[in-house]
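Chemist: Just passing along the structure, written as structure tokens.
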Amino acid sequence: MEKTLRNIWLLNLSTFFFFLGISLTNPIVSPFAITLGASPFLVGLVAGVTSFVSLVSKPVGGLIGDRGYRLEMMIAGNVLSLISGLLYVVSAYTSNIVLFAFSRALHGFSMGIFFPSSLSTAVDLAPPGRVGETLGWRGMMFSLGNIIGPALGGYLSDYLGFAGAFSFVSLFSLLGAGFVIPVWKEVGRITGDEESSGGSVSYRALLKVSFVFTSLALLFFSASYSGITTYLPAFYKYLGFPQRTFGLYMMVVGASSFATRLVGGKTADRIGPVPVSFGGILVVITGYVFLNYRILPPESYISAVLIGAGFGLSVPAMQMMALAPLPGKIRAMGSSIYTMFFDLGTLGGQVALGYVADLRGYEAVFPLLPFIAGVALISILITKVKGEGNA
């Protein structure tokens, strides 16, 4: 048990440093692209290529991970991230926008192969009865990386320049790979054979009600959340607020989510993931409703607390609902497809809500968010009705 917990925490630290390196680039990609002479359209293209490549490469990471190479995929993801960081630095010194765009694509591919194995391995190695708790701790490391990274990236670019800031991507990725290697040496291949009843396991098992409807819940959940991350900053900018106004809003969301991740995971272990997922999404919906009544700061920061807390409660419970019942042999692919629903929900929400904003203004977006999240709530209830949610 002691060795298992040690290995889990080494992988948690790898997850922290991997996503610290990614989130570090978030506030500086667009400004750096502008310094290279990129047009607004090209700025958006360069910024978005990482997410697109990550989305389409996740099945690759899942397929290889299910062949028993999950830890190898985590190492490879960190190595490719390290190379991306070095190419960022070269593009800064050479002012080469094409090289920078390629580096962004490579960084996206590293995310696509790292994320499925990182998530599925947390379930694979979790002690009996502590899957939710293990996912909660992993989620906290993910959140912490995304809380610290943007602030650190801005600070480093101010004092060290873009090249100096990008060099830390490689440093953090090196640390991330270093934490996986001792686990890989001790554990070796993770195939999920010990969880299977023997014989081959078909990917048709991904059609389980718990997996399908939890994935659909994530789709609508992320679509609603994209309304906050995409159109609330635009609305504040339209009203003349400085950019730090929304920056503080997201810091509150991140801190609140960080504080409740472990609570959500441990509670899911005790009472099952369905009520925790349901309660978490309900808290998020409450935050959306409050935002519509108090959309201006500082009162709007109360909604940030609610949205972050609900997010932290529901995410590990939903991951447990979707992935824990799957046969171990296909869990990496399950993780890749499950997280793809988050990406698709984000992209779909941005497009659909952008159409609404174009027709009726930014303020028309926010009343829709509780209803979109309500569809996620219904999807969670379907898993309960079908009796698979607590499997």
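Chemist: Under 10 Å, Cα contacts only: if you run a Gaussian network model on the chain, which one of L86, L20, L42 comes out with the highest mean-square fluctuation?
Modeler: Among L86, L20, L42, the largest mean-square fluctuation in the Gaussian network model of the chain belongs to L42.
Chemist: Could you tell me the center-to-center distance, by alpha carbons, between region 323-391 and region 135-161 in angstrom?
Modeler: 25 Å
Chemist: If you don't mind, another one. Which order do you get for K208, K185 if you rank them by accessible area with a 1.4 Å probe, largest at the top?
Modeler: Values: K208 60, K185 155 Å².
Heavy-atom accessible area, descending, gives K185, K208.
Chemist: Once neighbouring chains are kept in place and the probe is 1.4 Å, which whole percent of the accessible area of the chain is contributed by carbon and sulfur?
Modeler: That fraction is 70 percent.
Chemist: Given the chain, what count of lysine pairs have C-alpha atoms under 26 Å apart, with each pair 8 or more places apart or on different chains?
Modeler: 16
Chemist: In Å and on Cα atoms, what radius of gyration and Dmax does region 231-277 show?
Modeler: 16.1, 47
Chemist: Can you give me the solvent accessible area of T4 with a 1.4 Å probe, rounded to the nearest 10 Å²?
Modeler: 50 Å²
Chemist: Taking θ = phi - 60°, what integer Hz values does the Karplus form 6.51 cos²θ - 1.76 cosθ + 1.60 yield along region 178-183, in sequence order, with x for Gly and Pro?
Modeler: x, 6, 7, 4, x, 5
Chemist: To continue, here is another question. Please identify the chymotrypsin sites (Phe, Trp or Tyr not before Pro) of region 60-129 that satisfy two criteria: DSSP loop assignment and at most 12 other Cβ atoms within 10 Å. Which are they?
Modeler: Working: sites: Y69, Y88, Y93, F100, F102, F109, F114; in loops: Y69.
Hits after loop and neighbour filter: nothing returned.
Chemist: Also: Order these peptides, 284-294, 8-18, by their mean beta-carbon neighbour count within 10 angstrom, highest first.
Modeler: Working: 284-294: 19.3, 8-18: 22.5.
Top of the packing list down: 8-18, 284-294.
Chemist: Leaving out ligands and nucleic acids, note down the accessible area per residue over the chain with a 1.4 angstrom probe, in whole Å².
Modeler: Details: 16170 Å² over 391 residues.
The answer is 41 Å² per residue.
Chemist: Continuing with this model, one more query. Candidates [x] -0.49, -0.72, -1.27; [y] -0.39, -0.63, -1.26; [z] -0.67, -0.79, -1.13; which is the computed log10 I(q)/I(0) by the Debye sum over Cα atoms at q = 0.08, 0.10, 0.14 Å⁻¹?
Modeler: [y]
Chemist: Given points 7 Å out from each Cα along the Cα-Cβ axis, report the Y203 to E363 separation in nanometres with one decimal.
Modeler: So the two model labels end up 4.8 nm from each other.
Chemist: Let me ask something else about it. Can you tell me what percent of all Cα-Cα pairs in region 204-390 are more than 27 Å apart? Could you put the intermediate results ahead of the total?
Modeler: Working: 4578 of 17391 pairs.
The proportion of pairs with Cα distances above 27 Å equals 26 percent.
Chemist: What accessible surface, in Å², does a 1.4 Å probe find on W184, ignoring ligands, DNA and RNA and rounding to the nearest 10?
Modeler: 100 Å²
Chemist: On to the next question. Relative contact order for region 45-162: what percent, with Cα pairs under 8 Å and sequence separation of 6 or more? All intermediate terms of the calculation are to be shown ahead of the outcome.
Modeler: Working: 115 pairs, mean separation 39.1, N = 118.
So the answer I get is 33 percent.
Chemist: Go ahead and estimate [θ] at 222 nm for the chain from helices alone: -39,500 (n - 2.57) per DSSP H run with n ≥ 4, summed, over the residue count, rounded to 500. Intermediate values should be presented prior to the final figure.
Modeler: Working: 13 runs with 314 residues, N = 391.
Rounded to the nearest 500, it is -28500 deg cm²/dmol.
Chemist: Please list 3J(HN,Hα) in residue order for region 233-242, calculated via the Karplus relation 6.51 cos²θ - 1.76 cosθ + 1.60 where θ = phi - 60°; whole Hz, with x for glycine and proline.
Modeler: Coupling constants for region 233-242: x, 5, 5, 5, 5, 4, 7, x, 6, x Hz.
Chemist: So, one more: Can you tell me the relative contact order of the chain? Whole percent, Cα pairs under 8 Å, sequence separation 6 or more. Walk me through the numbers before you get to the answer.
Modeler: Values: 699 pairs, mean separation 98.2, N = 391.
Worked out over the chain, it gives 25 percent.
Chemist: Post the alpha-carbon centroid distance, region 223-302 to region 24-82, in whole angstrom.
Modeler: Region 223-302 and region 24-82 have Cα centres spaced 25 Å from each other.
The values are calculated or read from the model by the stated rules, or taken from the named source; none is laboratory data. Owing to the predicted nature of the structure, the values given are computational and were not obtained by experimental measurement. Cβ sites come from the backbone with ideal geometry, for glycine too, and all protein chains shown count toward neighbours. The accessibility values were calculated without ligands, DNA or RNA, using every heavy atom of the protein model including side chains. Shrake-Rupley method; radii C 1.70, N 1.55, O 1.52, S 1.80 Å.
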